[in-house]
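Notes follow the structure.
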C-alpha cells in the first residue's frame, strides 16, 4: 500500500516570542515493511538554522532554532511511503516465555535499555498481577503477547483528552481509560515486569477498513494524530509489533516514525520558546491511500 501523510504542528503565541527552539523526530526509517518514497520537513518561519543528527535510539532528529521575534510557528512533515506486511517469526513466538528470556540473555547489552523502568513506565506494582497471569513462563511467547494485547483493549477505554503527557501511569491503571500512548505504556510496563525487552513506537495509522484483509470492516483508532504501539524483541533479534489500542499485530496500515523506551524518547515534536506569552499548540495528521499503478 502507498500512503501520502501530512503531519502539521502549529504554535500561536498571545504575544510575540523572542526565540524558539524545536527538536523533531519526524523522519521515518527505511524498514523491510516500509519504503520511504519521499519526505520533507518544512519550518515556518523559515530559517537556515536547522540540522540533523541520529539520536541514541537511532531516530533521525532535526533541530530548528528561530532567534527572531515571531507570533506563529509551524512544522509540516510531508511523507510518501509504501508499506508491506512481513511474516512473523513463528519459531521465536512458539518458544515459551522462559525459553525466550534465556535465549535473549546472550544479547543483554542490546536489550538492556528496554527492560529498565522509566519515569513514564514504572515496573512492578500494578503490572505484577497481569505479568503473572498473562505472561506465564510455560506459555508460548506469541500466545502471551496476543493475550495481553487483547486484555488491554478489553479492560481500558479509549477516550480522547482523558490524559496528557504528564498523567502518571498509575492514574491510567486506576481510571482504566486513556489514549494510545497510555495503552502502549501499560503494555510496556507489564512486559518489562515479566522480563521481556520491548520499546515504544510513535507513528501513523490508516484507520480505514481493508476491503479484503484480516481487519474485515472494522475502523481503527488513532488516525487524526500520531499513533503509538509497542515492539517486542524476540529470539533471533527481531522486533515484532503489536497495537494494544486496536488489539492487533501491526501491519500495512502502520507507519513507524520513531522509537524509544517510552513516549519522551520518541516524541515527534518538543521544544521551548523565550517570552512571557502563552501558547496554543495544535497537531493534525492526514493520511491518504494512493492507488498503485498496475
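Screening residue 62 on (1) touching a strand residue (DSSP E or B) at 6+ places or on another chain (Cβ under 9 Å); (2) loosely packed, with under 15 Cβ neighbours inside 10 Å shows it passes everything except condition (2). Out of the residues in region 24-45 that are more than 17 Å from the chain's Cα centre (by Cα) and surrounded by 15 or more Cβ atoms within 10 Å (Cβ to Cβ), which is nearest to residue 275 (Cα to Cα)? Only one residue tops the list, namely 43. Elements of the type strands (runs of 3 or more DSSP E) sitting completely within region 49-102 and holding at least 1 residues that are without any contact (Cβ under 8 Å) to a residue 40 or more places away in the chain and either closer than 22 Å to residue 200 by Cα or not assigned by TED's automatic domain parsing to the domain that holds residue 18 (or both): these cover 50-54, 60-66.
Taking the criterion of being assigned to a strand (DSSP E or B) and surrounded by 15 or more Cβ atoms within 10 Å (Cβ to Cβ), the residues of region 1-11 that qualify are 2, 3, 4, 5, 7, 8, 9, 10, 11.
The values are calculated or read from the model by the stated rules, or taken from the named source; none is laboratory data. The shown structure was predicted, so the numbers you read here are calculated from the model rather than taken from an experiment. Ideal geometry is used to build each Cβ from the backbone, glycine not excepted, and the neighbour counts take in all protein chains shown.
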